[in-house]
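The values are calculated or read from the model by the stated rules, or taken from the named source; none is laboratory data. Every value quoted in this text rests on a predicted model; they were computed, and no experiment measured them. All Cβ positions, even for glycine, are placed from backbone atoms using ideal geometry, and neighbour counts span all protein chains on display. These area figures cover heavy atoms from the full protein model, side chains too; ligands, DNA and RNA do not enter into them. Shrake-Rupley method; radii C 1.70, N 1.55, O 1.52, S 1.80 Å.
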Amino acid sequence: MSAVNAAVDWVKTRINNIDIFDEHHREEAKTNPWYSLGPIFYLVWFIVMFTGCVLIMWYVPTKSQAFDSILAIQTKIPFGGLMRGVHKYGADAMIIAATMRMYRMFICADYKPGKEFNIAIALVALLLSMYSGLTGYLLIWNQRAFWATKVFATFPTYMDQFPVMGDFYQPLVKSIHMGWNTAEVLLGGGAAITQETITRFFSIHLAFSLIPLIFVEIYFYKNAYKRVPLSWAKRTIITLMLVVVAIVLPAAQGKRSDPDVTPLPILSDWYFLGLYQMYKYLEPVVATEITIILPLIVVGLPFMDVWMTGAEKDINKRPFILWVVLMAVISWVVFSLLIIANIANIHTDPPYWRAFTYLTVNVGMGLQLWLMWQNKDAVQRAKQWKGALVIAIIGASQAFWAFAYYYMAKVEMFRGPMFQQWFYGVVRPFLPEPEKLEAAMRACQPTSTYFASTYKTDWQEWVRDNYVVKGGPEAQAALNTVLEHCKLTSPVDWMVTAIPTFTPEHPKYLGMVDYLVTNRWAYDYVVFCDRMNPLTKIETTTKGVYYPLPIPEWDLTWMIAGFVFMIVGFWMTWHFKSGAQPAPKPAPAQPASAAT
Amino acid sequence: MEGTNRRLILKTLAAIPLAATFGLVISPLLRYMRPTLKPLDVFGPSDQPGPEEDVSYKESDFPEPWTCLPFMFKQKYVEYNPEGKEVREIPGFIVKLPSGDVVAYSRICPHLGCVFNWVPDPNECAKGYNFKPQGPVFACPCHLSVYDIAQNGKVVSGPAPRPPRKFDLKKEGNEYKIIGLEAGSIA
């Protein structure tokens, strides 16, 4: 029970330490202007809501009139253009303020001690402003808005390819169509951007401002905090900045949306541009996963930092965070610039930015380990095993991806087929006459014709309809051999016989062989072996280039670095932990900051 | 300590049926988010669009191999509006291959929904899309996916996960009728 109490205490402390708009940093704000970002965010939020209330009086949220009503606001309504400009630039200012505040929190360690949740709250504020922006600019109903919404609604559909949750293993589990349902919910209950989408986005656009406002006001009222602790001079300067920008650079209107013509280059609002460039480079499932994982990493970073450096607040002593922040800023700026200039070579660029991303973080990890090594204090040294372990785990995951990437790059097979062929390789020794099965599968469909696409039918049917009909009697004989082979039993059948297939004509797997053949796992193995073997001479999509492909040199840097950090990290974990023994009672009551 | 433990267990036991009840109250709200969902069918398939009108072409429309004609196919989307549907025009290409087969593809890129182009000149493709193909291809300007039509729409370059969606074609005499579209894209 004491563990539960400790956990409850831990959460309660962090909830008591919540800080939404820097209201606990009034002392720092006197000397450090970066601590005004929270109040600025709140002030601009009010300006945006005020101008929004004015705009709502003239805006018509219908497909036929939305664009024209914006045009009317811009040209016919007195001060309409100014109101719209302040609304748009105010929204941008909120995102700028929220982003800069996020970076400040990492660099000044505002999440220490016991305030790790504040990063999550700042991130929610940033994401809510971004989604308000996204729902807001569809309302203009111009080309950029329409196509940005299309991309935004299409990428969740890739959740249907996530393992377990999606359609990816459809033979194994009944799909909940999570991706497609998410897209339909976003678009207002259909698979197209229609009037329902405008209605839904309009209501979400209001709700994302008004509902958090209620909670924030209750919080300020309950705790009796000052709302916008800025002098009137500062408030006026910020308001005037928005007004001047709105007059000098009137908010753009763009062209009326046309569902049949894609604009070139396809862009969205500036804060999503970096992600757009990423979608060019990556397999869309991976890009979707990264989009979902990025916020989770941001929420997790303060915890990693606390495990590594305890209560330390000096950024020079927290190189891991410093270099992660640098990596994030540089990647985002460079990716955004690249997509604006429409520069991308999707075949040759990825090794460079992969190496950049991994190696920048690795520099931080290396410096952090070096600082730990320099620490002479016996008590603190003993405590550092946690930090070394975190670095070792990051290194280990990097090494794991390096291992997987080595084979994926050599044979151009993606994670799913790669895992499937690996599983086949593991159970292969238990299967009856695997060589005979593999030879028959090669005869059904030549391995040079393999291409990875999502398929919804059994391999046997797929091959019969696509290859065996053209292959003649030999291919038919080979298919019959495979079908006969599927009926054989093996000692590992128990792993699959309970799995329902949800197909009436084939309700249960006959055994492991049947399972592996039906779901194409066996064929993935055959293709993998043939592609890894240079003697088979399988041609890639480029004429005259054969499998296995070479690994790009730049990728080798991060692949090796991953293994190095894994080994050094685990060794240092062990070193610090075993070094703790001779220390006389590592007093737990004394926090690390007191020792310095 | 003992008392806390017992209370916690009793509280949890009391909370489970309550949570289940309120959970069931929330379930109709799911239909608020997706009104086209049928009652008690949360795991049911999503609404797929269907054809509204056929498009037809004559044999003589394709005088030579690699003739590519753009067309618009009327597709009906299930929507929660008074008509219960919205009709959308899906852009497509119908192509005669050198083998004599005629195929029709949706122009909506299966990657992220842009409308892709017909690029007959391999040099133009090499310049604009990072890839030099063997013959005419479909190529998407947004994220540079290239599809080889001669190989069943195989993705030969770029991030697209699958070939573009195909239209169902029916040959009646010397007439090609486009009667439906493979499901699964956002318009």
Worksheet item: Can you tell me which residues in region A:52-93 are in a helix (DSSP H, G or I), in contact with a Leu (Cβ under 9 Å, 6 or more places away or on another chain) and among the hydrophobic types (A, V, I, L, M, F, W, C)?
Response: A:66, A:70, A:73, A:83, A:86, A:93
Fill in: Sole exception among (1) over 23 Å from residue A:281 (Cα atoms); (2) in a loop (DSSP other than H, G, I, E, B); (3) of a type in the set (Gly, Ala, Ser); (4) in contact with a Pro (Cβ under 7 Å, 6 or more places away or on another chain) for residue B:160, by number
(1)
Item to complete: Please find, among A:474, A:539, the residue that is on the phi < 0 side of the Ramachandran plot, within 14 Å of chain B (Cβ to nearest Cβ) and loosely packed, with under 14 Cβ neighbours inside 10 Å.
Response: A:539
Response to the item:
With the first residue restricted to region A:489-501 and required to be more than 16 Å from residue A:425 (Cβ to Cβ), and the second required to be surrounded by 14 or more Cβ atoms within 10 Å (Cβ to Cβ) and of a type in the set (S, T, N, Q), Cβ contacts under 9 Å at 6 or more apart or on different chains are A:501/A:518
Worksheet entry | All positions within region A:77-97 that are open to solvent by 10 Å² or more (accessible area, probe 1.4 Å) and either hydroxyl-bearing (Ser, Thr, Tyr) or within 22 Å of the chain's Cα centre (by Cα) (or both) | A:89, A:96
Discussion item. So the check is Cβ under 6 Å with 6+ separation or different chains; which pairs have a first residue in region A:184-196 that's more than 7 Å from chain B (Cβ to nearest Cβ) and a second one that's among the charged types (D, E, K, R) and in a helix (DSSP H, G or I)?
Written reply: A:188/A:196; A:188/A:200
Worksheet item: Restricted to region B:133-142, and to residues that are part of a loop (DSSP other than H, G, I, E, B) and more than 11 Å from every other protein chain (Cβ to nearest Cβ), which residue is surrounded by the fewest Cβ atoms within 10 Å (Cβ to Cβ)?
Response: B:135
Practice prompt. Kindly indicate the residue of region A:260-304 that is polar (S, T, N, Q) and in a helix (DSSP H, G or I) and also nearest to the chain's Cα centre (by Cα) among those meeting that condition.
Written response: A:291
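Filter region A:197-227 for residues that are of a type in the set (Gly, Ala, Ser), within 14 Å of chain B (Cβ to nearest Cβ) and open to solvent by less than 60 Å² (accessible area, probe 1.4 Å) and give the result.
Within region A:197-227, A:207 is the sole residue that qualifies.
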Worksheet item: Across region B:58-71, what is the number of residues that are open to solvent by less than 70 Å² (accessible area, probe 1.4 Å) and under 23 Å from the mean Cα position of the chain (by Cα)?
Response: 3
Response to the item:
Filtering region A:341-369 down to residues that are without any contact (Cβ under 8 Å) to a residue 60 or more places away in the chain, of a type in the set (A, V, I, L, M, F, W, C) and in contact with a helix residue (DSSP H, G or I) (Cβ under 8 Å, 6 or more places away or on another chain) yields A:356, A:361, A:363, A:367
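Check B:27, B:99, B:106 and return the single one that is in contact (Cβ under 8 Å) with a residue 60 or more places away in the chain and either more than 9 Å from chain A (Cβ to nearest Cβ) or over 19 Å from the mean Cα position of the chain (by Cα) (or both).
Of the residues listed, the single one that is in contact (Cβ under 8 Å) with a residue 60 or more places away in the chain and either more than 9 Å from chain A (Cβ to nearest Cβ) or over 19 Å from the mean Cα position of the chain (by Cα) (or both) is B:106.
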Practice prompt. For residues that are open to solvent by 60 Å² or more (accessible area, probe 1.4 Å) and modelled with pLDDT under 95, scanning just region A:379-399, find the one that is farthest from residue A:578 (Cα to Cα).
Written response: A:386
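Is it the case that residue B:49 is within 12 Å of another protein chain (Cβ to nearest Cβ), under 18 Å from the mean Cα position of the chain (by Cα) and more than 17 Å from residue B:116 (Cβ to Cβ)?
yes
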Worksheet, complete the sentence: Within region A:10-27, the residues that are touching a residue at least 12 places away in the same chain (Cβ under 8 Å) and among the charged types (D, E, K, R) are A:14, A:19, A:22, A:23, A:26
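Residue by residue, here is whether (1) assigned to a loop (DSSP other than H, G, I, E, B); (2) hydrophobic (A, V, I, L, M, F, W, C); (3) open to solvent by less than 10 Å² (accessible area, probe 1.4 Å) holds:
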{"site": "A:528", "(1), (2), (3)": "no, yes, no"}
{"site": "A:551", "(1), (2), (3)": "yes, yes, no"}
{"site": "A:554", "(1), (2), (3)": "no, yes, no"}
{"site": "A:573", "(1), (2), (3)": "no, no, no"}
Worksheet item: Restricting attention to region A:420-437, and to residues there that are under 12 Å from residue A:520 (Cα atoms) and not hydroxyl-bearing (Ser, Thr, Tyr), which single residue is modelled with the lowest pLDDT?
Response: A:420
Item to complete: Might you let me know whether region A:412-421 holds any residue that is more than 26 Å from the chain's Cα centre (by Cα) and surrounded by 15 or more Cβ atoms within 10 Å (Cβ to Cβ)?
Response: yes
Response to the item:
The lone condition residue A:474 fails out of (1) free of Cβ contacts under 8 Å to residues at least 40 places away in the same chain; (2) in a loop (DSSP other than H, G, I, E, B) is (2)
Worksheet, complete the sentence: If we keep only residues of region A:447-456 that are open to solvent by 60 Å² or more (accessible area, probe 1.4 Å) and assigned to a loop (DSSP other than H, G, I, E, B), then the residue modelled with the lowest pLDDT is A:454
Worksheet item: List, please: which pairs have Cβ atoms under 9 Å, are six or more places apart or on different chains, and start with a residue in region A:559-578 that is under 16 Å from residue A:363 (Cα atoms) and end with one that is outside any helix (DSSP H, G or I)?
Response: A:559/A:551
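Out of the residues in region B:109-132 that are in a loop (DSSP other than H, G, I, E, B) and farther than 26 Å from residue B:182 by Cα, which is nearest to the other protein chains (Cβ to nearest Cβ)?
B:130
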Worksheet item: Can we say residue B:167 is touching a helix residue (DSSP H, G or I) at 6+ places or on another chain (Cβ under 9 Å), touching a residue at least 24 places away in the same chain (Cβ under 8 Å), open to solvent by less than 20 Å² (accessible area, probe 1.4 Å) and more than 9 Å from chain A (Cβ to nearest Cβ)?
Response: no
Worksheet item: Any residue in region A:266-286 that is more than 27 Å from residue A:346 (Cβ to Cβ) and open to solvent by less than 40 Å² (accessible area, probe 1.4 Å)?
Response: no
Practice prompt. Could you grab me the full set of residues in region B:176-187 that are open to solvent by less than 60 Å² (accessible area, probe 1.4 Å) and either of a type in the set (D, E, K, R) or part of a loop (DSSP other than H, G, I, E, B) (or both)?
Written response: B:177, B:183, B:184, B:185, B:186, B:187
Discussion item. Residues that are under 19 Å from the mean Cα position of the chain (by Cα), at pLDDT 90 or above and buried (at least 20 other Cβ atoms within 10 Å of the Cβ): does region A:362-376 have at least one?
Written reply: no
Worksheet item: Out of (1) among the hydrophobic types (A, V, I, L, M, F, W, C); (2) within 14 Å of chain A (Cβ to nearest Cβ); (3) open to solvent by less than 30 Å² (accessible area, probe 1.4 Å), the odd one out for residue B:87 is which?
Response: (3)
